[in-house]
1. Go through (1) at pLDDT 90 or above; (2) more than 28 Å from Ile171 (Cα to Cα) one by one and return the number of the condition Gly128 breaks.
2. Here is a check on your reading of the model: is Thr102 surrounded by fewer than 19 Cβ atoms within 10 Å (Cβ to Cβ), β-branched (Val, Ile, Thr) and either assigned to a loop (DSSP other than H, G, I, E, B) or without any contact (Cβ under 8 Å) to a residue 24 or more places away in the chain (or both)?
3. State which residue pairs qualify: first residue of a type in the set (Asp, Glu) and assigned to a helix (DSSP H, G or I) and inside the stretch 332-348, second residue modelled with pLDDT under 80 and surrounded by fewer than 16 Cβ atoms within 10 Å (Cβ to Cβ) in any location, beta carbons under 8 Å apart, and separation of 6 or more residues or different chains.
4. Could you tell me which of the residues Val163, Val211 is crowded, with 20+ Cβ neighbours inside 10 Å, touching a residue at least 40 places away in the same chain (Cβ under 8 Å) and within 18 Å of the chain's Cα centre (by Cα)?
Amino acid sequence: MGFLDSLKTEAKRNFVARADDAKDQIIYKVPERNIRTFTQLTVQADEMAMFVKDGVVVGKLGPGRHNLETNNIPFLSKLLEKVTGGDLFIAEIYFVSTREITQVKFGGPIGDARDPETGLAIGTMVYGDFALRVIDPEKLIVGMVGLQKTDNESFVGWFKSQVMKVIKDRIAELLVKKKWPLLDVTSGAYTEEIEEEVVGGMDKHTNNYGVKITAFGNFTISIKPEDEATLKKLSKDVAYSRLAGGFQQYAQGQAMLGAAEGMAKGGGEGSGSGNALGGMGMGMGFGMAQMFMNQQGQQQQHAQQAPQQAAAPAGPSVMDRLKQLNELKTAGLLTDEEFAAKKAELMKML
């Protein structure tokens, strides 16, 4: 049995091709470095065979079956080992896939991103997959040999790190320049724009290696659930402040409603007369809140009737506030009940 195994091993040395279990690899390095003359080399339709010696690509062969002899492949003469009488070629052979490689998965943290709406720095993460294509196998092999990453696993790991680097830079830049709210980014509203930026930004990092990212798939930017809840609450407060005409007015309204709710709760724990007082307290609270809203409406009406006396704008109009209210509802920051209540208050100002 040992004799037969040795015969099979010797027979295999007369044929060189990509191993069956390496069909999906971008780079496949032939384990054997000493290649016999007249060995048959098989190159598949979607790959190139690269012959490397001392870190330099000496020659390459395209798809087909090739008999490795100097008569029909001249560059092989540079690889002949003279000590063996010309029976061996000394070289490293790499098979490089030239087809598009899809569903290369990546993911990880991209650091803190400052939300332009609330000013908070929130830890963000990204994950998904991308597709790439080798457009210049020679550049790839030379570059990877220089980085000492000549197997498929180390190459893919290096390439993923380049993708993450560009994603970090691009997202940070877009948030600053575009002032995109982080909740909109994580909702997927700007996924297409971010993908275009990342694909374009990758070229300068990968062109020297003869590789190009062609597309992203399942590209997702996310934050922790607790951070999302915090952002939603703060975003709602910011939006309400704008709706009320300023933070001070919004805080006054919140305080009035809070006082009314507290009086109603305290009354509910007492006797029947306490409940009556609680009900009156709740009514009083809503009355105060309504008075606050009416005051805002009167201030706006006065500003419209006498604009020449106004030193500064009185705040957004009722129609603007209704529009903002609708945007909050569409964004999911308001429940149906909250929307209906706020809308009813604003409609009374018209």
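The values are calculated or read from the model by the stated rules, or taken from the named source; none is laboratory data. All values reported here derive from a predicted model rather than from experimental measurement. In this analysis, Cβ positions are derived from the backbone assuming ideal geometry, glycine residues included, and neighbour counts consider all displayed protein chains.
1. (2)
2. Values: surrounded by fewer than 19 Cβ atoms within 10 Å (Cβ to Cβ): yes; β-branched (Val, Ile, Thr): yes; either assigned to a loop (DSSP other than H, G, I, E, B) or without any contact (Cβ under 8 Å) to a residue 24 or more places away in the chain (or both): no.
No: the conditions fail for Thr102.
3. Listed pairs, sorted by first residue: Glu345/Gln290.
4. Result: Val163 is the single residue among Val163, Val211 that is crowded, with 20+ Cβ neighbours inside 10 Å, touching a residue at least 40 places away in the same chain (Cβ under 8 Å) and within 18 Å of the chain's Cα centre (by Cα).
Rundown of residues vs (1) of a type in the set (Gly, Ala, Ser); (2) in a helix (DSSP H, G or I); (3) in contact with a Cys (Cβ under 9 Å, 6 or more places away or on another chain), yes/no style:
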site: Leu140; (1), (2), (3): no, yes, no
site: Phe159; (1), (2), (3): no, yes, no
site: Val166; (1), (2), (3): no, yes, no
site: Lys177; (1), (2), (3): no, yes, no
site: Glu195; (1), (2), (3): no, yes, no
site: Met202; (1), (2), (3): no, yes, no
site: Phe219; (1), (2), (3): no, no, no
site: Glu226; (1), (2), (3): no, yes, no
site: Ala229; (1), (2), (3): yes, yes, no
